[in-house]
Amino acid sequence: MANETLFDKIGGETAVNAAVDIFYRRVLGDDTLAAYFDGVDMDAQHAKQKSFLTMAFGGPNNYTGKDLREAHKGMVARGMNGSHFASVAGHLQATLEELNVPEDLIGEVMAIAGSTKKDVLNV
């Protein structure tokens, strides 16, 4: 369908929910990233991420969280940098591959993720 959003193409809410769950399992298993989530309510984090990705992929916009700069400011102050961003992006791509998302759609998702780098890193 011509008007189908990326959100629809990847499988909607069910796919986003599965992707976020797998993604955070990967991120929290990564010793270079896990410490950034110490003390974070991961249930709330999952919900915020699901809402953010739904909005970013053209689905219903119910995101009420902070903007990317504000949300990541503390992590940047604690040393988060481009190598961490690349690791997170790698985990996102591996998650999508694990879920058998078609390569062209993975490319769209990764382009969106890449477009957030300056805001996430507060540069």
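General observations
- Pairing each residue of region 65-79 that is at negative phi with any residue that is in a helix (DSSP H, G or I) and surrounded by 12 or more Cβ atoms within 10 Å (Cβ to Cβ), provided the two are 6+ apart or on different chains, yields C-beta distances under 6 Å for Gly65/Lys48; Leu68/Asp119; Leu68/Val120; Arg69/Asp119; His72/Val120; Met75/Tyr36.
- Residue list for region 19-45, filter: touching a residue at least 24 places away in the same chain (Cβ under 8 Å), open to solvent by less than 40 Å² (accessible area, probe 1.4 Å) and either part of a loop (DSSP other than H, G, I, E, B) or not aromatic (Phe, Trp, Tyr) (or both): Ala19, Val20, Ile22, Val27, Asp30, Leu33
- The residue of region 46-93 that is most open to solvent (accessible area, probe 1.4 Å), among those that are closer than 28 Å to Glu103 by Cβ and of a type in the set (Ser, Thr, Tyr), is Ser83.
- Enumeration of residues in region 94-123 that are within 25 Å of Gly74 (Cα to Cα), assigned to a loop (DSSP other than H, G, I, E, B) and open to solvent by 40 Å² or more (accessible area, probe 1.4 Å): Ser115, Asn122, Val123
The values are calculated or read from the model by the stated rules, or taken from the named source; none is laboratory data. Note that the structure is predicted; figures quoted are calculated from it, not measured. For neighbour counting, all protein chains shown are included, and Cβ atoms are generated from backbone atoms with ideal geometry for every residue, glycine included. When the accessible area is computed, the model is the full protein with side chains, heavy atoms only, and any ligands, DNA or RNA have been set aside. Shrake-Rupley method; radii C 1.70, N 1.55, O 1.52, S 1.80 Å.
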